[in-house]
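To keep things clear, I will list the structure first and then write my remarks on it.
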């Protein structure tokens, strides 16, 4: 399993369209991808937009990204990248 | 994979706008359509429109009709098309319900999907201040 933290840096946080981008990306990988808030127990399946939205993650939120599966290295890198890029919004 | 089709039926332009909002989030939805019933439309015309919409989105494994409000005309007209394994109706449509229908990925039976969409709609309603209450308590402690 590959695990690490990502920080939300885009001003609107993990809103609907950003979450949709994340889910489209995550869907392309075989691995199971779970995102958890570091400040409470909320966790979400990165392949379900409605699940991701329940995290209510705003700018500055630190999330723990856990990826497990055959393509975990690539999936982790791609998702880490989309967070670092602020979902193309900054 | 065959998909369960979807028809959103509402008073006014709500149905069209809900579908447009869902498409903005998840992309084009060719298996979901919207029927907006004008406030002064004839019931027979509305009935024909819904019937046509159901036919258009059907891929052969059923169609889920999502209406705005139980007891309202859109629901009452849609109810004429209820048929086991062919047409199911869930009322009180909201955006998470449309997204749920849009994003189901495995082939699911119409009745199971209808239950999932109903459940999703209920679960997606939050009184947001209630979510913040435990954190407030923690800060106070």
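Picking from residues in segment B:31-48 that are without any contact (Cβ under 8 Å) to a residue 12 or more places away in the chain and in a loop (DSSP other than H, G, I, E, B), the one that is nearest to the other protein chains (Cβ to nearest Cβ) is B:41.
If you go through segment B:1-27 and pick out every residue that is part of a loop (DSSP other than H, G, I, E, B) and at pLDDT 95 or above, you end up with 1.
Condition (residue is away from every other protein chain (no Cβ under 13 Å), part of a helix (DSSP H, G or I) and more than 26 Å from residue B:28 (Cβ to Cβ)) applied to segment B:49-61: is it met by at least one residue? There is no residue in segment B:49-61 that is away from every other protein chain (no Cβ under 13 Å), part of a helix (DSSP H, G or I) and more than 26 Å from residue B:28 (Cβ to Cβ). Scanning segment B:8-28 for residues that are loosely packed, with under 15 Cβ neighbours inside 10 Å and touching a residue at least 40 places away in the same chain (Cβ under 8 Å) yields a single hit, B:21. Looking across segment B:118-141, the residues that are out of contact with any strand residue (DSSP E or B) (no Cβ under 8 Å at 6 or more places or on another chain), at pLDDT 65 or above, in a helix (DSSP H, G or I) and within 12 Å of chain A (Cβ to nearest Cβ) come down to B:119, B:120, B:123, B:128, B:131, B:132.
Among the conditions (1) within 14 Å of chain B (Cβ to nearest Cβ); (2) touching a residue at least 12 places away in the same chain (Cβ under 8 Å); (3) assigned to a helix (DSSP H, G or I); (4) more than 10 Å from the chain's Cα centre (by Cα), residue A:75 misses just one, which is (1).
Within segment A:25-36, take every residue that is closer than 23 Å to residue B:123 by Cβ and more than 10 Å from the chain's Cα centre (by Cα) and give me the one that is farthest from the other protein chains (Cβ to nearest Cβ). Result: A:32. I'd like the full set of residues that are facing chain B (nearest Cβ under 10 Å) and in a loop (DSSP other than H, G, I, E, B), limited to segment A:7-22. Once the filter is applied, which keeps residues that are facing chain B (nearest Cβ under 10 Å) and in a loop (DSSP other than H, G, I, E, B), segment A:7-22 yields only A:15. If the condition is being more than 16 Å from residue B:102 (Cβ to Cβ) and either within 11 Å of chain B (Cβ to nearest Cβ) or within 11 Å of the chain's Cα centre (by Cα) (or both), then segment A:46-60 contributes A:46, A:54, A:55, A:56, A:57. Residue B:85: surrounded by fewer than 17 Cβ atoms within 10 Å (Cβ to Cβ) and assigned to a loop (DSSP other than H, G, I, E, B), yes or no? The answer is yes for residue B:85. The residues of segment B:98-112 that are within 14 Å of chain A (Cβ to nearest Cβ) and touching a strand residue (DSSP E or B) at 6+ places or on another chain (Cβ under 6 Å) amount to a single one, B:101. Of the listed requirements (1) at pLDDT 95 or above; (2) surrounded by 17 or more Cβ atoms within 10 Å (Cβ to Cβ), residue A:50 misses just one: (1).
The values are calculated or read from the model by the stated rules, or taken from the named source; none is laboratory data. Note that the coordinates shown come from a computational prediction; the quantities given were computed from them, not determined experimentally. Positions of Cβ are generated from backbone atoms using ideal geometry, with glycine treated the same way; all protein chains shown enter the neighbour counts.
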